[in-house]
1. Just for the stretch B:103-116: of the residues that are at the interface with another protein chain (Cβ under 9 Å from one of its Cβ atoms) and of a type in the set (Lys, Arg), which one is surrounded by the most Cβ atoms within 10 Å (Cβ to Cβ)?
2. So is B:Pro300 over 30 Å from A:Val334 (Cβ atoms), touching a residue at least 60 places away in the same chain (Cβ under 8 Å), touching a strand residue (DSSP E or B) at 6+ places or on another chain (Cβ under 6 Å) and not assigned by TED's automatic domain parsing to the domain that holds B:Leu69 or not?
3. Would you say B:Gly90 is in contact (Cβ under 8 Å) with a residue 40 or more places away in the chain, closer than 18 Å to B:Gln339 by Cβ and of a type in the set (Gly, Ala, Ser)?
4. So which pairs qualify, if the first residue must be in the stretch A:257-278 and among the aromatic types (Phe, Trp, Tyr), the second must be surrounded by fewer than 20 Cβ atoms within 10 Å (Cβ to Cβ), the Cβ gap must be under 8 Å, and the two must be at least 6 apart or on different chains?
5. Within the stretch B:55-80, can you find the residues that are of a type in the set (A, V, I, L, M, F, W, C) and away from every other protein chain (no Cβ under 14 Å)?
6. Please go through the stretch B:243-273 and pick out each residue that is without any contact (Cβ under 8 Å) to a residue 24 or more places away in the chain and of a type outside the set (Val, Ile, Thr).
7. Hey, can you tell me all the residues within the stretch A:274-289 that are assigned to a helix (DSSP H, G or I), surrounded by fewer than 23 Cβ atoms within 10 Å (Cβ to Cβ) and in contact with a helix residue (DSSP H, G or I) (Cβ under 7 Å, 6 or more places away or on another chain)?
8. Does B:Met83 satisfy the condition of being surrounded by 15 or more Cβ atoms within 10 Å (Cβ to Cβ), within 12 Å of another protein chain (Cβ to nearest Cβ) and assigned to a strand (DSSP E or B)?
Amino acid sequence: MQVRQYLIRRLALLPLIMLGVSIIVFTLTRFTGSPVGIYATPDMTPDELAALEERYRLDEPIPVQYAYWLWGLLRGDLGWSGVSVAPVTDVIGLKLAATLELALFAALVAIVGGIALGTIAGVRRNKAPDHAARFFSILGASTPTFWFGLLLLIPFYLWLDWFPIGRSTPEIFDTIAHPTGLYTVDSVVSLNPTAMWDSIRHIILPAVVLGFGAMAIIVRMMRSSMVETMSEEYVDAARAKGLPEKLVIKRHARRNALVPTATVIGLSFGFLLQGAVAVELIFRWPGLGQWVTSAILSGDQATIMAYVLITSLIFMLINLTVDIAYAYLDRRVVLGS
Amino acid sequence: MSNVSASDVNNSEDWLLRVDDLSVHFHTPRGVVQAVDHVSFEVRPGETLALVGETGCGKSVTARSIMKLVPEPPGDYASGKVMLRNPATGAVIDMLAAPMDQVRATRGDRIAMIFQDPGKALNPSLTIGRQLAEVFGEHRAQMLLTNAGIDPAKAPLGSKSVASQRAGVIRRSFFNLTHRGQSRALQAAVDASVIDALSDTGIPNPRKVMSSYPHELSGGMKQRVMIAQALACDPDLLIADEPTTALDVTIQARILDLINDMQQRRGTAILYITHDLSLVRQFADRLAVMYAGRLVESGPALEVLRSPQHPYTQGLLAAIPRAGTPRGQLAAIAGSVPQLIDPPPQCHFSSRCSFSAQACTNHVPGLIPLPVAREVACLRFTDAVSLGVNQEQMPSHVDLIEVESAEAVSS
């Protein structure tokens with residue numbers, strides 16, 4: 001009940017925060033110059049350009065422009081994406097689905113791998129598994145994503161051709177329905193094993209590359225909190241009750257070690273969205289990262305603003321999830337105080 | 001080693017726990033710490049033994065060794081046995097040598113432990129009920145199944161793991177779905193056992209406490225929960241490691257009374273680890289004094305308190321502040337505890353002892369049996385005995401030490 005009230009209050013605050021974000025984003029983006037270039041062609045005369053500016057109300061003061069933009073946003077119109085040659089709202093869903101799918105798989109790699117490695121490292125402190133896990137995590141934290149991506153592409157794509165590049169084989173995915181936009185889920189829903197295998201083959205490499213970096217911080221956090229909880233008296237008390245060591249570690253030590261790790265996991269989603277830009281470029285993954293990169297390069301302001309808005313929304317939702325997970329894991333936390 | 005002889009004083013087969021020549025070492029970068037050094041003692045069924053000594057003397061390590069809870073590494077059971085005898089069958093298990101599953105089956109079932117700080121010994125993220133249920137699940141799964149009306153021999157798949165509270169969330173909820181009625185009966189059986197255990201320790205409103213988290217309870221209440229948890233399976237031996245040090249003074253007496261009361265009702269033997277001599281006077285049948293990893297004196301509690309034989313015990317008793325002691329004159333034992341990294345083979349107390357002789361720095365004193373089932377580990381005592389000196393004629397250690405320590409404090 002307490003959780004529900006907290007959730008309602010936080011969700012009610014969300015539009016206000018988004019409004020603030022939108023003001024900042026719009027103003028800052030407009031300071032970089034008029035977005036008219038994206039709609040213009042090189043052979044246009046100054047008169048034609050002025051007419052274009054007037055048509056899109058780019059000659060008005062920025063607050064007025066913002067008001068028009070906000071009004072459009074509320075009606076579900078985010079403007080014209082020059083790089084996609086389509087309305088932003090038509091494209092953003094597909095891009096978001098692609099990036100979310102990649103980020104979720106990468107998060108799976110990072111969270112499962114990070115918690116498992118961190119637990120082992122913390123339990124077997126200063127032993128071989130610990131050294132291995134720490135070596136791995138330092139490697140993950142210090143390897144640039146784009147470089148690691150290329151490093152994996154050379155053997156697995158170029159030489160062995162085990163994993164293809166891109167998001168899917170179009171011939172397969174053109175034939176199935178896309179109710180969710182997440183190709184792995186779509187292929188499962190349509191019960192098409194060929195498509196399933198195809199989508200998995202495409203996502204493995206980018207997810208591993210993206211997840212590896214995020215895994216590093218989770219391993220380090222998990223290891224240090226495991227070391228801490230393993231020396232807590234309640235762990236000895238659990239042993240004194242006669243519980244098997246596996247259960248002592250899982251239920252008593254690891255459960256409490258997850259509390260500080262949950263925060264880091266939440267933060268690592270930020271890392272994933274950020275890292276997705278490089279990974280999407282290298283693996284030709286048609287997601288938000290690739291989209292916004294070309295938008296920035298060509299001054300496509302409508303796309304940039306849509307990107308910033310959607311990522312801030314995702315961030316806020318993740319933070320909310322982390323807060324609730326935190327209260328679930330650590331019962332001493334009182335939500336909303 | 002030299003000090004085995006004395007434990008035969010009471011050689012009847014009426015013992016519950018026999019710690020025999022136990023040594024526990026800790027390997028540190030600076031050397032090997034001999035935390036427990038050839039310690040032997042016995043606990044008889046239903047009796048209360050107090051293991052007394054100052055911080056760092058090895059009493060807690062000894063207590064944890066009994067349950068094989070000393071982490072290895074850095075800990076290392078260098079020698080000795082910890083034997084637990086089943087009073088009914090006479091079967092003996094050596095906790096240090098037995099296979100791990102036997103050790104686990106003994107922990108929590110036949111030997112239980114109460115920790116110093118109940119706030120730290122309870123898992124903050126599990127409800128009290130869940131933590132108590134673990135004990136029943138681990139040691140009394142059959143009973144829970146029977147109480148729930150499920151024949152343990154043909155219990156449905158998953159019910160055993162539900163009873164032992166081991167199943168993962170998915171398996172348990174699957175069982176809850178498929179065996180709805182039995183699942184409810186099983187949970188009711190678990191709850192009933194937990195509520196029984198809680199209300200047995202005088203916890204008001206056990207049903208509410210059961211669904212509380214540790215941070216929602218007071219310190220005294222948490223220690224009651226710990227006691228309920230420790231006594232859940234009716235252990236033969238309860239180890240209480242300074243059970244009241246972390247509690248308010250007002251609660252301490254009530255907790256000790258509760259432990260005493262539970263002992264009277266169930267006949268549990270208790271091993272108190274403490275430095276509180278007033279607790280010893282009130283509740284202990286026998287007393288064993290440890291100093292720097294070694295047992296220096298043991299015997300019936302009141303006898304030892306009345307006429308301490310070892311200079312360390314005498315100093316310890318003299319250090320108790322009494323009403324009427326002049327202001328600013330608290331007695332203390334001069335000097336400090338020797339470090340236990342590769343210590344020399346000598347009496348560890350010799351550097352602080354006003355009776356030490358040449359021999360004290362050359363030999364490790366063994367325990368010498370005295371009348372009334374007492375033992376003392378002091379070379380000077382042997383001298384006195386072999387010289388035919390009557391006990392009454394021995395110098396009054398207490399006075400000397402009092403004078404000396406009073407000087408030490410005032411200087």
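The values are calculated or read from the model by the stated rules, or taken from the named source; none is laboratory data. Computed from a prediction, not measured in an experiment: that's the story for all the values here. Virtual Cβ from ideal backbone geometry, glycine too; neighbours counted across all protein chains shown.
1. B:Arg107
2. So B:Pro300 passes the test.
3. No; evaluated as a whole, the condition is false for this residue.
4. Listed by first residue and then by second, the contacts come to A:Phe269/A:Ile314; A:Phe269/A:Phe315; A:Phe269/A:Ile318.
5. The answer is B:Cys57, B:Ala78.
6. In the first step, residues of the stretch B:243-273 are kept if they are without any contact (Cβ under 8 Å) to a residue 24 or more places away in the chain; the result is B:249-250, B:252-253, B:257, B:260-261, B:264-265.
Those that are without any contact (Cβ under 8 Å) to a residue 24 or more places away in the chain and of a type outside the set (Val, Ile, Thr): B:Gln252, B:Ala253, B:Asp257, B:Asn260, B:Asp261, B:Gln264, B:Arg265.
7. Applying the first criterion (assigned to a helix (DSSP H, G or I)) to the stretch A:274-289 yields A:274-283, A:288-289.
Now restrict to residues that are surrounded by fewer than 23 Cβ atoms within 10 Å (Cβ to Cβ): A:274, A:277-278, A:281-282.
Of everything in the stretch A:274-289, those that are assigned to a helix (DSSP H, G or I), surrounded by fewer than 23 Cβ atoms within 10 Å (Cβ to Cβ) and in contact with a helix residue (DSSP H, G or I) (Cβ under 7 Å, 6 or more places away or on another chain) turn out to be A:Val277, A:Ala278, A:Leu281, A:Ile282.
8. When the stated conditions are applied, B:Met83 does not pass them.
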